[in-house]
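Chemist: Next up is a structure, given as structure tokens.
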Amino acid sequence: MRVTVRGFEIYKGYLDPAAQASLVSDVRQVAEAAPMFSPETPYGKPMSVRMTSAGSVGWYADRSGYRYAPQHPSGVAWPAIPEAVLTLWTDLTGLDRMPDCCLINYYGEGARMGMHQDKDEADFKWPVLSVSLGDAGLFRIGNTTRGGKTESLWLESGDVVVMGGDARLTYHGVDRIRFGSSSLLPKGGRINLTCRVVHADL
Ligand code: SIN
Ligand code: FE2
């Protein structure tokens, strides 16, 4: 079932439990090679979300700002984006252009993500694809400028969202997770994958 909220295309329950479990094992493999870390924001506060990436670049933040980095902070290359994630991308976006980065966010108990735009990429014509696994997260959708009325919805394990078109620069965030609401991850928590085209085409 697909619902559209402010241009966000939400595919509820797109991935069945077997596909979700398989993606979790893909994520574990990525995190073994490129361990999760908690970046510091440019304001000097550690993010409550832990993250790592797959792809030719990975999303990174520290006191000098938000950016894509060619390597994990340890110096190793980011692992390749798992095939199943690329297949999802192709199936739902219909694009030939593959994403350069799959950011993997882990929300433990109490983790959240403030309202923000995804704007560290070169060209906003490409959508962002988001996959939710594990505990439900309360996703808030705002406007293309900061502030104003917002709408919230729970993203559950297996839900996939395409943020494209006018919604590509819409503010969004995760207010809280319902820790322990899913049994997909033995220790609880929520994983969110976001695939992004980072580089401009030549
Ligand atoms: C993000 O905006 O990067 C993450 C969204 C989510 O966790 O659902
Ligand atoms: Fe985002």
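The values are calculated or read from the model by the stated rules, or taken from the named source; none is laboratory data. For clarity, every value in this text was computed on a predicted model and none was experimentally measured. As a convention, Cβ positions derive from the backbone with ideal geometry for all residues, glycine included, and neighbour counts pool all protein chains shown. What goes into the accessible areas is simple: the full protein's heavy atoms, side chains included, and nothing from ligands, DNA or RNA. Shrake-Rupley method; radii C 1.70, N 1.55, O 1.52, S 1.80 Å.
Chemist: Rounded to the nearest percent, how much of the accessible area of the range 2-196 (1.4 Å probe, protein heavy atoms only) is carbon and sulfur?
Modeler: Exposed carbon and sulfur together represent 51 percent of the surface.
Chemist: Also, I was wondering about something else. Taking the Cβ of P73 as the centre, find all other residues whose Cβ is under 14 Å away and add up their charges (Lys, Arg: +1; Asp, Glu: -1).
Modeler: +1
Chemist: Additional query: Over the alpha-carbon set of the range 36-91, work out the extent along each principal axis and list the three values in angstrom, largest first.
Modeler: Cα spread of the range 36-91 along its principal axes, largest to smallest: 38, 22, 17 Å.
Chemist: Let me ask another. What's the local net charge at W126, with K and R +1, D and E -1, over the other residues with C-beta under 11 Å away? The partial results should precede the final answer.
Modeler: On the way: positive: R97, K125, R168, R196; negative: D100, D118, E121, D123, D201.
Charge balance near W126 sits at -1.
Chemist: Let me ask something else. Less than 12 Å Cβ to Cβ from F37, Lys/Arg counted +1 and Asp/Glu -1: what total charge do the surrounding residues give?
Modeler: Net local charge, F37 excluded: -1.
Chemist: Further question on the same structure: Could I have the simple spin-label model distance between Y66 and T145, label points 7 Å from Cα toward Cβ, reported in nm to one decimal?
Modeler: That separation, rounded to one decimal, is 1.9 nm.
Chemist: Might you report the magnitude of the Cβ-based charge dipole of the range 2-196 about its Cα centre, with Lys and Arg at +1 and Asp and Glu at -1, to the nearest 20 debye?
Modeler: The calculation lands at about 620 debye.
Chemist: Determine, for the chain, the count of lysine pairs separated by eight or more sequence positions (or lying on different chains) whose alpha-carbon distance falls under 27 Å.
Modeler: So the count works out to 9.
Chemist: Quick one: if you take sqrt(5λ) for each eigenvalue of the C-alpha gyration tensor of the range 70-152, what semi-axes come out, biggest first, whole angstrom?
Modeler: So the equivalent ellipsoid measures 24, 18, 15 Å along its semi-axes.
Chemist: Next up: In Å and on Cα atoms, what radius of gyration and Dmax does the range 2-196 show?
Modeler: Answer for the range 2-196, Rg first and Dmax second: 15.4, 42 Å.
Chemist: What number comes out for accessible area per residue over the chain if the probe is 1.4 Å? Units Å², please.
Modeler: I get 47 Å² per residue for this part.
Chemist: For the range 1-104, report the translational diffusion coefficient in µm²/s to the nearest whole number, using Stokes-Einstein at 10 °C, 1.306 mPa s, and a Kirkwood Rh over Cα pairs.
Modeler: D = 104 µm²/s.
Chemist: Can you give me the Cα centroid spacing of the range 57-90 and the range 123-188 in angstrom?
Modeler: The two parts, judged by their Cα centres, are 19 Å apart.
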